[in-house]
């Protein structure tokens, strides 16, 4: 399936409340979100599977929007998701690729050393690099130091043609600062999940990214 990284939503169950994650996702996709990563670090594997399937059901008529699972390869396979994203402390990306040759695989990088390690992987191991955090963010407590747009540009330049998205503190009023970095898309969490109107928030982000 085609993966469009332009506006990549990463879900946060607590920030979506009292609305359900699928409800927020459906509104955000209608507003312009192009890909969705289902992430809930507090959920059990069973709960994450149920959540992923609920998001897929909410997007049943939008097969152009990829649904990716954070970290949990088993959940991604059981749900028939489009991909899986692994972080620096998650499952080894080479083993993920070996067990899921058909999935879209994303990997988080935040330093030159991590980028070098990603570039040293066998060709085809990774489809996308999540670069961040761009700015300090409260939605991921184990994120590294903020890169800023200049740091993002440096890592994008060294990405060797891999698809890249910027994540961490991204808001509509900051997207313009990323347009010159060469990044292929932006990831958002709180700017959509916590928004009173996720549809309008996503639409504002899409306008800013053009």
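No value in this document is a laboratory result; all are computed from the given coordinates. Predicted, not measured: the structure shown is a model, and the values here were computed from it.
So what's the back-of-envelope 222 nm ellipticity for the chain, counting only DSSP H runs of four-plus at -39500 (n - 2.57) apiece and dividing by all residues, rounded to 500?
My calculation for the chain gives -10000 deg cm²/dmol from helical runs alone.
Length gain on complete extension for the stretch residue 89 to residue 179, per 0.36 nm per residue less the alpha carbon to alpha carbon distance?
29.5 nm
Using a Gaussian network model of the chain whose springs link C-alpha atoms within less than 10 Å, name the residue from 101, 122, 133 with the highest mean-square fluctuation.
Of 101, 122, 133, the most mobile in the Gaussian network model is 122.
How would you classify the chain from its alpha-carbon gyration tensor, with a ≥ b ≥ c the square roots of the eigenvalues: rounded for a/c under 1.5, else prolate if a/b is greater than b/c, otherwise oblate?
Here the chain falls in the oblate category.
Identify which of 123, 79, 26 has the largest mean-square fluctuation in a Gaussian network model of the chain, with springs joining Cα atoms closer than 10 Å.
Looking only at 123, 79, 26, the largest GNM fluctuation is found for 123.
Pick from 118, 176, 166 the residue whose mean-square fluctuation is largest in a GNM of the chain, springs joining Cα atoms under 10 Å.
176
Provide the percentage of antiparallel DSSP beta bridges, counting only those with both residues in the stretch 7-209; round to the nearest 5.
Around 0 percent of the beta bridges assigned by DSSP in the stretch 7-209 are antiparallel ones.
Relative contact order (percent) for the chain, with alpha-carbon contacts under 8 angstrom and 6 or more residues of separation?
Contact order relative to length: 23 percent.
For the stretch 120-210, restrict the atom set to alpha-carbon positions and state the Rg and Dmax in Å.
Using the Cα atoms of the stretch 120-210, the pair Rg, Dmax is 13.5, 43 Å.
Using 0.36 nm per residue, how much length does the chain from residue 20 to residue 102 gain when fully extended, once their Cα-Cα distance is taken away?
Full-extension gain reported as 26.6 nm.
Give, in nm to one decimal, the length gained when the segment between residue 4 and residue 154 is fully stretched (0.36 nm per residue of separation minus the Cα-Cα distance).
Extra length available between residue 4 and residue 154 comes to 51.8 nm.
Would you kindly give the portion of the calculated P(r) for the stretch 4-114 that falls above 19 Å, as a percent of all Cα pairs?
42
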